[in-house]
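Comments concern the structure below.
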Amino acid sequence: MQRKWWHDKVAYQIYPKSFMDSNGDGIGDLRGIISKLDYLQELGVDIIWLSPIYQSPFVDQGYDISDYYKIAEEFGSMEEFDELLEETKRRGMYVLMDLVVNHCSDQHEWFRKALADPDGEYADYFYFVKGKDGKAPSNYRSYFGGSAWEPVPGTDMYYLHMFAKEQPDLNWENPKLRKEIYRMINWWLEKGLAGFRIDAIINVKKDTAFPSFEPDGPDGLATCVKMVEEVDGVGEILEDMKKNTFEKYDAFTVAEVFNMKEDELREFVGENGHFSTMFDFSAQTLTEGEHGWYDSRPLVFREWRDIIFASQKEMEGIGFKANIIENHDEPRGASRFLPEYAQNEEGKKTIAVTSTLLRGIPFIYQGQEIGMENCRRNSISEYNDISTIDQYQEALRAGCTEEEALEYCYKYSRDNARTPMQWNDDVNGGFTKGRPWLAMNPDYTRINVEEQEKREDSVLSCYKKVIALRKAPEYREAFTYGRFLPDYEDHDYIFAYHRKIEGTDQDILIAANYGKESDTITLQEGTEGTVRKVLLSTSGREEEISGEMAGENAVTLGSCEAVVILL
Ligand code: TEU
Ligand code: CA
């Protein structure tokens with residue numbers, strides 16, 4: 001495999017609005033990010049992905065862009081962005097921007113011009129399609145609920161929006177549109193970006209016949225995902241984009257891909273794939289319901305472990321995935337994946353270790369490194385996220401009580417990940433001197449950076465240790481290129497795998513117990529003369545475990561405990 005600069009890196013996602021506010025307006029900003037670069041460097045982060053910071057009306061929190069060449073006023077200026085780039089370079093770090101090009105904002109100049117002249121040139125930057133019998137062209141339901149078609153005022157046409165109606169889809173069949181997008185991408189790369197996280201990209205290919213599908217809900221609509229799943233040819237667009245942009249800059253790209261066709265993995269993220277890598281969402285989609293949050297399935301440990309393992313094995317010989325526990329669209333991993341008895345520091349450290357040492361690029365989401373948790377709200381009016389409000393109503397329509405619907409928001413709302421970062425136990429967790437744009441999770445008095453920095457046994461200290469271990473010169477090769485080999489799969493609650501470089505004797509075992517009770521794993525007989533070494537223990541029991549191994553050739557792991565052993 002050809003080696004790339006990003007293979008051994010650790011990435012961190014910043015949600016700028018909620019990271020650090022420098023001027024007291026309650027909104028995180030670039031100056032705030034700059035002030036925390038040392039913190040990120042100390043954590044061991046190499047690559048920073050910024051969720052969108054472009055000019056936007058923020059209907060979908062910046063994923064609705066009204067000018068791709070401008071920084072949102074709320075976040076700062078282009079000068080500050082340049083300063084951020086310089087400051088990261090000085091620290092040997094890389095910056096990724098979010099590339100949102102399936103759609104733009106209805107406030108973008110292109111869309112305004114299109115509405116002003118629905119038969120003109122700019123209408124063809126979007127999907128302006130004639131209605132059928134006075135109704136929308138097809139029965140697609142958008143990702144955020146309701147029809148994916150909105151009437152174009154004064155015409156018999158509709159425009160397509162797979163997300164909110166303020167996010168009209170861009171027409172990638174139009175060569176002029178493609179050219180505009182490529183020019184924009186290259187303009188940012190010229191500035192010195194390392195690459196992009198690419199938003200919702202599978203959706204760029206449409207079946208322009210827009211066939212209707214069998215309704216899948218009481219609203220008589222069918223999810224627009226159906227069209228995405230049925231249509232072929234997204235590869236042509238993705239390859240064209242890559243050739244005209246990323247490839248020329250050796251840029252790193254990490255794609256957000258749902259609903260890929262099974263046999264396309266190599267084309268997407270193989271050696272010469274459309275992207276450098278893509279997120280592994282297998283654990284996130286595992287419990288997805290058929291209709292919405294209200295019919296999601298409970299998490300079962302074995303299913304969770306097995307699906308991650310399957311995804312690891314699937315990538316062998318193909319490339320690397322980007323491994324996540326959470327992101328700005330998902331609930332907090334500690335609240336989602338850890339069983340109730342493990343929703344504590346021990347559990348959080350355990351998941352930190354088993355996740356960070358998987359094969360692939362670890363992407364840590366802001367606050368994950370201190371074990372931030374989901375946030376309970378008393379009423380739907382306390383939520384901001386557009387998708388949460390839709391899912392709440394969806395649950396009510398399906399017959400849930402308000403209390404039940406609110407419980408689903410507590411479990412799945414995107415706002416869980418968007419509450420501001422908890423830096424200390426001062427007012428508003430040190431995030432802002434003003435009023436935060438989204439109310440803090442009140443647990444900041446207990447869970448915050450400052451408190452955890454003081455403690456060796458904190459979640460934050462554990463993240464620092466496991467990242468440092470992953471990058472330590474003597475193990476970097478194994479953790480980057482080593483094979484992923486699962487072990488102890490017959491144990492009910494053990495999550496264990498080896499990272500091993502074929503042809504060398506370096507074999508590292510990562511083993512964790514997610515069970516309520518302790519469990520013992522027997523180690524294979526070691527080679528004569530080799531001395532096993534405990535590289536990390538989440539409970540600080542390095543010496544104890546060493547002793548145990550020497551005596552019994554086995555290790556007993558307590559409830560929610562992980563260990564990394566050089567065999
Ligand atoms: O998400 C794409 C996407 O498919 C989402 O609808 C996802 O399934 C949903 O958020 C889960 O609740 C991306 C961005 O990450 C998201 O923040 C944006 O809202 C969306 O695209 C539109 O740009
Ligand atoms: Ca601010």
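Surface composition of the chain: carbon and sulfur make up 46 percent of the accessible area, probe 1.4 Å.
Put simply, when 429-437, 203-211 are sorted by average Cβ atoms within 10 angstrom per residue, most first, you get 429-437, 203-211. Near E561, the amide H atoms lying under 5 Å from its own belong to N513; only residues 5 or more places off or on other chains count, and H is placed 1.01 Å from N. Amide H to amide H distances under 5 Å link D169 with Y127, L160, H161, M162, where only residues 5 or more positions off or on other chains count and H is placed in the peptide plane. Seen from every direction in turn and averaged, the convex hull around the alpha carbons of the chain projects onto 25.8 nm².
With both labels modelled 7 Å from their Cα along Cα-to-Cβ, the E502 to D133 distance reads 6.0 nm.
Where does each of 292-299, 156-163 land if you order them by average Cβ count within 10 Å, highest first? Walk me through the numbers before you get to the answer.
On the way: 292-299: 15.9, 156-163: 22.4.
Listed from highest to lowest mean packing, they are 156-163, 292-299.
The order of R3, R305 by accessible area, most exposed first and with a 1.4 Å probe, is R3, R305. Once the 1.4 Å probe is applied to the protein heavy atoms, the range 450-537 comes out at 50 Å² accessible per residue. In the chain, the longest principal axis of the Cα atoms and the axis of helix 459-471 are about 80 degrees apart. Across the cross-link table entries K165/K261; K465/K500; K113/K191; K36/K191; K205/K464, which are compared at the Cα atoms, the separations over 31 Å belong to K205/K464. With the cut-off at 1.5 for a/c, could you classify the range 320-410 from its C-alpha gyration tensor as rounded, prolate or oblate? Verdict is prolate for the range 320-410.
Mind checking the per residue accessible area of the range 167-250 for me, 1.4 Å probe, whole number of Å²? Please list the in-between numbers first.
Working: 3410 Å² over 84 residues.
Ligands and nucleic acids excluded, the figure is 41 Å² per residue.
Tell me, how many Å apart are the Cα centres for the range 233-312 and for the range 350-426? Taking the Cα centre of each part, the range 233-312 and the range 350-426 sit 21 Å apart. For A398 and D119, the difference between the fully extended length at 0.36 nm per residue and the C-alpha to C-alpha distance is 96.4 nm.
Selection among M78, N378, Y12 by position relative to the dipole of the chain gives M78 as farthest towards the positive end (Cβ unit charges, Cα centre).
Maximal additional length on extending the T208-V231 stretch stands at 7.3 nm, based on 0.36 nm per residue less the C-alpha distance. Between the residues S461, A496, N513, the greatest Cα displacement towards the positive end of the dipole of the range 455-550, with unit charges on the Cβ of Lys, Arg, Asp and Glu, is found for S461. Distant-in-sequence amide contacts of L536, defined by a placed amide H-H separation under 5 Å and a gap of 5 or more residues or a different chain, comprise V564. Approximating the spin labels as points 7 Å out from Cα along Cα→Cβ, the F301-to-R376 distance works out to 2.5 nm. For the range 530-551, backbone nitrogen atoms closer than 17 Å to the point 7 Å from N344 Cα along Cα-to-C-beta are found at 538-541. Treating the Cα atoms of the range 311-372 as identical point scatterers in vacuum, please give the log10 of the normalised Debye intensity I(q)/I(0) at q = 0.18, 0.22, 0.26 Å⁻¹, two decimals. These q points yield log10 I(q)/I(0) values of -0.65, -0.89, -1.10. What is the distance, in nm, between label points placed 7 Å from the Cα along the Cα-to-Cβ direction at M78 and at R435? It is 3.4 nm.
The values are calculated or read from the model by the stated rules, or taken from the named source; none is laboratory data. All of these numbers come straight from a predicted model, not from anything done at the bench. Quick reminder, even Gly has a Cβ in these numbers, built from the backbone with ideal geometry, and neighbours come from all protein chains shown. Note: areas computed on protein heavy atoms with side chains; ligands, DNA, RNA excluded. Shrake-Rupley method; radii C 1.70, N 1.55, O 1.52, S 1.80 Å.
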